[in-house]
There are 2 protein chains.
Amino acid sequence: MDKQAQTLKIKDFERRCRQSGLKLTPQRFAVYRALINTDAHPTAEAIYQEVRKEMPAISLDTVNRTLLTLTEIGSAFIVEGTGQPRRFDGGLEDHQHFLCIKCGKVIDFHHPPFDNIQLPQEIEGKFKVLRKTVYLEGLCEACQKKDTL
Amino acid sequence: MDKQAQTLKIKDFERRCRQSGLKLTPQRFAVYRALINTDAHPTAEAIYQEVRKEMPAISLDTVNRTLLTLTEIGSAFIVEGTGQPRRFDGGLEDHQHFLCIKCGKVIDFHHPPFDNIQLPQEIEGKFKVLRKTVYLEGLCEACQKKDTL
DNA sequence: CTCTGTGCAAACACTTTGCAGCTAA
DNA sequence: TTAGCTGCAAAGTGTTTGCACAGAG
């Protein structure tokens, strides 16, 4: 990412913080900068190691909490499914998954056009793809109702 | 699932076990039956609670190990991403994820046709979809090479 | 009989919580 | 000034490992 794009992102981050009434602490900037300067989809631990280089006193907890805060204001995303206990699926039939981000439930749905997605040549050539699926996240019926209570 | 389909699945499971030289233990049958009799995408803990009803002496470890074994012979799947430490993504640009099941690395790719997948009315009406993406799993370039060594 | 699978216990890794002092606004 | 943030420590949850005995083949 070039310097220009980075500055824009940081401005956007500041705006989101202010909108949510969050304080602009040095730790938050440092964590956010570390996050947007990598495309490795880091764990909290990895960000921690990176940030410590310039801010040795920061704690892993702060990094953890900051990252969660970032996802709440939309400045970061959690890679689908990660951070949850392992869940198993014994169905061999074609289906796709919807994860409710509130109650954590995984709901199956089946939309036949999603069963055989066409991948670009670029991917097929590079990776050995063993599984391909459409993945949705959001609020399930029950949790949408809870919201309005 | 009807009785017929269940029997077929269990036959298939037996076949896979034999093919891989795995013993057909009562625990394995019990775990597999519990798994295919639910569509809740259970955690190991949930399967454990279920299996204990008919086999009180089984241990959680065995359930855990059995479930992992099932995924290895293709009789079960791990719901995408679950069971791994939380990973963050600071990119707001459209992109999709490929997970290497061997080294655990998440690799971004971007195939514009995947940016705006059309969902069926059935889903849009029922859930509040906040995120939709195509998700791939398989072996990355580096790990494919390792395989042939 | 043999070797894999199981149950148990301990270790480990990741995440969450509670609290006291600090700091951005 | 003060509400929110940070760092530390402890507890909680989920997963892995090592080992001795049991049971499937």
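Figures for the structure shown
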| item | result |
| --- | --- |
| Filtered residue count, segment B:35-57, keeping only those that are away from DNA strand C (no atom under 13 Å from the Cβ) and of a type outside the set (S, T, N, Q) | 10 |
| Answer residue from segment B:53-94, given it is touching a strand residue (DSSP E or B) at 6+ places or on another chain (Cβ under 8 Å) and at positive phi and is surrounded by the fewest Cβ atoms within 10 Å (Cβ to Cβ) among those | B:Gly83 |
| Exclusive hit being modelled with pLDDT of 90 or more, within 19 Å of A:His97 (Cβ to Cβ) and in contact with a Leu (Cβ under 7 Å, 6 or more places away or on another chain), set B:Phe114, B:Phe77, B:Phe88, B:Phe98 | B:Phe98 |
| Enumeration of residues in segment A:71-103 that are closer than 14 Å to B:Glu80 by Cβ, among the polar types (S, T, N, Q) and under 12 Å from the mean Cα position of the chain (by Cα) | A:Thr82 |
| Some residue of segment B:46-56 being more than 22 Å from B:Glu141 (Cβ to Cβ), more than 8 Å from chain A (Cβ to nearest Cβ) and more than 16 Å from DNA strand D (Cβ to nearest atom) | yes |
| Residue in segment B:1-39 that is farthest from the other protein chains (Cβ to nearest Cβ), counting only those that are in a loop (DSSP other than H, G, I, E, B) and within 14 Å of DNA strand D (Cβ to nearest atom) | B:Gly21 |
| Test for A:Ala57: is it of a type in the set (A, V, I, L, M) and more than 16 Å from A:Met1 (Cβ to Cβ) | yes |
| Identity of the residue in segment B:70-85, within 20 Å of B:Tyr135 (Cβ to Cβ) and out of contact with any helix residue (DSSP H, G or I) (no Cβ under 9 Å at 6 or more places or on another chain), that ends up farthest from the other protein chains (Cβ to nearest Cβ) | B:Thr71 |
| Every residue from segment A:10-46 that is touching a residue at least 60 places away in the same chain (Cβ under 8 Å) and surrounded by fewer than 18 Cβ atoms within 10 Å (Cβ to Cβ) | A:Asp12 |
| The listed residue being surrounded by 20 or more Cβ atoms within 10 Å (Cβ to Cβ), within 7 Å of chain A (Cβ to nearest Cβ) and closer than 27 Å to B:Ala46 by Cβ, out of B:Phe127, B:Phe98 | B:Phe127 |
| Flag for A:Leu67 being within 16 Å of DNA strand D (Cβ to nearest atom), touching a helix residue (DSSP H, G or I) at 6+ places or on another chain (Cβ under 6 Å) and at the interface with another protein chain (Cβ under 8 Å from one of its Cβ atoms) | yes |
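The values are calculated or read from the model by the stated rules, or taken from the named source; none is laboratory data. Model, not experiment: these values are computed from the prediction. Cβ sites come from the backbone with ideal geometry, for glycine too, and all protein chains shown count toward neighbours.
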